[in-house]
1. Skipping prolines and chain starts, which residues have an amide H placed within reach, meaning under 5 Å, of the one on PHE4, given they are 5 or more residues away or on another chain?
2. Tell me, what % of the accessible area of segment 128-175 is carbon and sulfur with a 1.4 angstrom probe?
3. If you rank MET183, MET164 by how much accessible surface each has, with a 1.4 Å probe, what is the order from largest down?
4. Whenever you get a sec, line up THR109, THR23, THR3, THR194 from highest to lowest accessible area (probe 1.4 Å, protein heavy atoms).
5. For ILE128 and GLU171 in the same chain, what is the full-extension length gain: residue separation times 0.36 nm, less their Cα-Cα distance, in nm?
6. Heavy atoms only, probe 1.4 angstrom, no DNA, RNA or ligands counted: give me VAL162, VAL107, VAL19 ranked by accessible area, highest first.
7. Trypsin sites (Lys or Arg not before Pro), restricted to segment 5-62: which are DSSP loop and have at most 15 other Cβ atoms within 10 Å?
8. So, taking all protein chains as they sit and a 1.4 Å probe, how much accessible area belongs to TYR57, in Å² rounded to tens?
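The values are calculated or read from the model by the stated rules, or taken from the named source; none is laboratory data. Just so it is clear, the structure is predicted and the values come from calculations on it, not from any experiment. Glycine gets a Cβ as well: all are built from the backbone with ideal geometry, and neighbour counts include every protein chain shown. Surface accessibility is based on the protein's heavy atoms, side chains included, excluding ligands, DNA and RNA. Shrake-Rupley method; radii C 1.70, N 1.55, O 1.52, S 1.80 Å.
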Amino acid sequence: MNTFISSISQQEFPKSEQVFGNTIRKSIFDVILNDYPSFNKKSSISIAELNLYRQKYLSSYLVKEVGELSHLEEDVLKTLNDHEIISENVKDTSNDFNFGQQLADKVATFGGSWKFILLFAFIIFFWISANIILLANKGFDPYPFILLNLILSCLAALQAPVIMMSQNRQEEKDRERAKQDYMVNLKAELEIRTLHEKLDHLIIHQQQELLNIQQIQVEMLEDIMKQIHPKK
């Protein structure tokens, strides 16, 4: 099997994985040149080494754009290296809430429904009707319904913090969802940049191959012409 020696690692690789410096995109070439100043257009590396420097270029791009790598960016780069899908790693945290948090969510859901409004209106209507009509305003809570006002005040005082707890829980869910959306968008951007790099490399490599084929064809034609018209 034909092999070649990498210009940067001095290791032996199959000839089919050889990539010349003149086919590498300038942005990636500059990253390699920063580590190996002697690397030039005629030098060659393997595809695996080129992919490592593509990843290094993406990391440097994130450092330049974001300032420093955070845990989110590191997770995105890890998924790129491992060829994972971020959406598959999204964790469902709804089962991590304790009993009080789940109860607060249920109370807030019920308190913001038409069922609660209609039920509450019916109870108030029955309460007023029972005291004024049935008990002739001499029942357990005559007008101005002091007991009813006390119950409504206590209910409002208790319902407000319960709803706030539920809202805090919803904000945590929204922050987690926004973080996942950011990671997905970031990975999509990096995937697109990597795809551009690969397409550019493929185009340049094909152009180089076409030039090599044309040169070989020209040499063959020159040999044929020499055989047809030998020098006298």
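1. Residues meeting the criterion, in which the H sits 1.01 Å from N, are PHE13, LYS15.
2. Details: 2390 of 3450 Å².
Roughly 69 percent of what the probe reaches on segment 128-175 is carbon or sulfur.
3. On the way: MET183 15, MET164 115 Å².
The ordering from most to least exposed comes out as MET164, MET183.
4. Numbers: THR109 100, THR23 5, THR3 55, THR194 25 Å².
Output order, biggest surface exposure first: THR109, THR3, THR194, THR23.
5. Values: separation 43, 0.36 × 43 = 15.48 nm, distance 3.93 nm.
Residue separation times 0.36 nm, minus the Cα-Cα distance, leaves 11.6 nm.
6. Result, largest first: VAL107, VAL162, VAL19.
7. On the way: sites: LYS15, ARG25, LYS26, LYS41, LYS42, ARG54, LYS56; in loops: ARG25, LYS41, LYS42.
Within segment 5-62, the qualifying trypsin sites (Lys or Arg not before Pro) (loop, at most 15 other Cβ atoms within 10 Å) are LYS41, LYS42.
8. Rounded to the nearest 10, the figure is 40 Å².
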